[in-house]
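Everything below concerns the one structure shown next.
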Amino acid sequence: MTSFTFDEIHQQPAMWRKELQALLSAKAEISAFMHKYLTPETDVVLTGAGTSAFIGDALAPVMRGPWRNVRAVATTDLITHADCLLDAERPLLLVSFARSGNSPESVGAVNLANKLCKKVAHVYITCNKNGKLAQQAKGQDNILLLQLPEETDDKSLAMTSSFSTMLLTCIMLGNIDTLEKDAEKLENTAKNAEAVIANYENSLKAIAERPFERGVFLGSGALKGIAEECHLKLQELTDGAVVCKFDSFLGFRHGPKAVVNNKSLVAYLMTDDEKTQRYERDLVRQVDGNNKPVAQIIVIAGQKPALDGVNADLIVAMPHGSAETGAYGIVSYVLVGQLLGYYASLAHNLTPDAPSVSGNIHRVVEGVTIYE
C-alpha cells in the first residue's frame, strides 16, 4: 500500500523535468523581469520557513555565481528582526519559497519587506496556485510568480517533491539566459535520483528498520543545507522518536560529535571534490574509530571515496558527479534522507502522511500571530 509520501518522493525526477520545460517556455518573460530588477547593487535574500528556509541554506553557497549579493534568511527570523536583517537603502530582491503560500510568516515577511525597503521586487516560487502568495502576485509588476507543477504541492505533512523542485527552480532561474545549456545537467541529476531509488531503496529501508534513536547528517558547503533538510525529514516522519542533528564535517568535531553513540545512525553526504573530501574522509575515519553507531551511510556522487577499513553499512554511489551536474547535483542527495524518514516512520508504526500523533506539527503551521 502506497501513500502520498511514497508517491511524492518517487515522482521527483519527473517533476524536475517538467519544471525545466515550464521555465523554458516562459524564458523571455522571466529573463526580462530578472534583468529589470537584478543589478550589481541588488541584495538577493532567499527566504522561507522550515524546509522552505533550508532551500535557501543549501542554495546560498552555489548562487553567488549568478547572484553576487545573495544570502539566506528564514522568514521566521525576518518577522522578528527585519530591521536588522534588511538594508532599507539598498534594492532588494526577495525570493520566497513556499509550498502552500499560506504560512503566516511567508506573507508577513513579504509585507515587512514592502514596508521597510525603498525599492523591492519579489520572486515567488510556490507549489500552490490558490495560496495567498500566488493570489497576491496577480497584477503586480514587481512580482515574478513561478508556479510549480501542481503535483509538487505535496499532500503529505513532510515536504519532499516541493523541496527539491523549488530548489532546482531557483538554480534554473539563476541561469535563465543560458538554461538550454543546463538541460543535460538537470537530466543527470534526475538520473542520480533514479539511481538512488533503483539501487539503494531496499537497503535504506532495511537500515531504517534498525533500532536507532538518534540520526546525524553531515555535509560540506551546499550539502550542509541538504543535511539540514535530511535531519528534519527523519525527525518529523518519526514524530521525534528519532532525534536528529546536522552539521558540517569540520564543525561536527567541535562538540556536536558527542551525540554519536551505539544507538545512532550517521549519514555522510560527501562531495566528490577532492580538496573538500580530504577533510570529510578524516572525520569519517575518526567517528568509525571512536564510535560504533547502529549504521553508517556514505553518500557520494561520482567516484566512491577511498575509505579502506571504514565499517560503512551502505555506500550510495550516484553515477553522475559534480562535473556533470554542477550546482544541480546537490539535490539528489536528499532522497537518502527522505527514504530513511519514510521507512523509519513505518517502522515506528506511524502513518508517513500524518506522522504527528500529538498534533504538534501540521502541514501548514498554525497558531502564529503576525504583529504590527
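The values are calculated or read from the model by the stated rules, or taken from the named source; none is laboratory data. Model, not experiment: these values are computed from the prediction. Every residue, glycine as well, gets a Cβ built from its backbone with ideal geometry; the counts of neighbours run over all protein chains shown.
A compact table of results
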{"quantity": "Hey, GLU180 surrounded by fewer than 18 Cβ atoms within 10 Å (Cβ to Cβ), in contact (Cβ under 8 Å) with a residue 40 or more places away in the chain and within 24 Å of ALA14 (Cβ to Cβ) or not", "calculated": "yes"}
{"quantity": "Cβ pairs under 7 Å, 6+ apart, first in the range 30-45 and in contact (Cβ under 8 Å) with a residue 12 or more places away in the chain and within 15 Å of GLY174 (Cβ to Cβ), second among the small types (Gly, Ala, Ser) and surrounded by 12 or more Cβ atoms within 10 Å (Cβ to Cβ)", "calculated": "TYR37/ALA121"}
{"quantity": "Flag for ALA32 being among the small types (Gly, Ala, Ser), modelled with pLDDT of 95 or more, in a helix (DSSP H, G or I) and outside the structural domain of ALA198 (by TED's automatic domain parsing)", "calculated": "yes"}
{"quantity": "Selection count where residues are in contact (Cβ under 8 Å) with a residue 40 or more places away in the chain and in a helix (DSSP H, G or I), scope the range 269-313", "calculated": "4"}
{"quantity": "Residue within the range 222-244 that is over 17 Å from ALA312 (Cα atoms), modelled with pLDDT of 95 or more and in a strand (DSSP E or B) present", "calculated": "yes"}
{"quantity": "Residue within the range 307-316 that is surrounded by 15 or more Cβ atoms within 10 Å (Cβ to Cβ), closer than 22 Å to GLU228 by Cβ, among the acidic types (Asp, Glu) and not assigned by TED's automatic domain parsing to the domain that holds PRO61 present", "calculated": "no"}
{"quantity": "Selection status of ALA49, surrounded by fewer than 21 Cβ atoms within 10 Å (Cβ to Cβ), among the hydrophobic types (A, V, I, L, M, F, W, C) and not in a helix (DSSP H, G or I)", "calculated": "no"}
{"quantity": "Which numbered condition LEU237 fails, given (1) out of contact with any Leu (no Cβ under 9 Å at 6 or more places or on another chain); (2) within 21 Å of SER164 (Cβ to Cβ)", "calculated": "(1)"}
{"quantity": "Check on LEU237, in contact with a helix residue (DSSP H, G or I) (Cβ under 6 Å, 6 or more places away or on another chain), within 23 Å of GLU8 (Cα to Cα), buried (at least 24 other Cβ atoms within 10 Å of the Cβ) and of a type in the set (A, V, I, L, M, F, W, C)", "calculated": "yes"}
{"quantity": "Residue selected from the range 191-200 under the condition out of contact with any Pro (no Cβ under 7 Å at 6 or more places or on another chain) and either closer than 24 Å to ALA58 by Cα or modelled with pLDDT under 95 (or both), by the criterion surrounded by the most Cβ atoms within 10 Å (Cβ to Cβ)", "calculated": "VAL196"}
{"quantity": "Yes/no for LYS119 being more than 24 Å from SER164 (Cα to Cα) and out of contact with any Gly (no Cβ under 7 Å at 6 or more places or on another chain)", "calculated": "yes"}
{"quantity": "Listing of strands (runs of 3 or more DSSP E) fully contained in the range 61-153 that carry 3 or more residues being in contact (Cβ under 8 Å) with a residue 24 or more places away in the chain, under 19 Å from the mean Cα position of the chain (by Cα) and surrounded by 23 or more Cβ atoms within 10 Å (Cβ to Cβ)", "calculated": "92-98, 120-126"}
{"quantity": "Meets criteria (without any contact (Cβ under 8 Å) to a residue 40 or more places away in the chain, surrounded by fewer than 24 Cβ atoms within 10 Å (Cβ to Cβ) and within 25 Å of PHE163 (Cα to Cα)) for ASP247", "calculated": "yes"}
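Residue by residue, here is whether (1) crowded, with 18+ Cβ neighbours inside 10 Å; (2) part of a helix (DSSP H, G or I); (3) in contact with a His (Cβ under 9 Å, 6 or more places away or on another chain) holds:
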{"position": "SER164", "(1), (2), (3)": "yes, yes, no"}
{"position": "MET172", "(1), (2), (3)": "yes, yes, no"}
{"position": "LEU186", "(1), (2), (3)": "yes, yes, no"}
{"position": "LYS205", "(1), (2), (3)": "no, yes, no"}
{"position": "ARG210", "(1), (2), (3)": "no, no, no"}
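Yes/no per residue for (1) touching an Asp or Glu at 6+ places or on another chain (Cβ under 6 Å); (2) within 21 Å of LYS27 (Cα to Cα):
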{"position": "LYS138", "(1), (2)": "no, yes"}
{"position": "LEU145", "(1), (2)": "no, yes"}
{"position": "ASN175", "(1), (2)": "yes, yes"}
{"position": "GLU201", "(1), (2)": "no, no"}
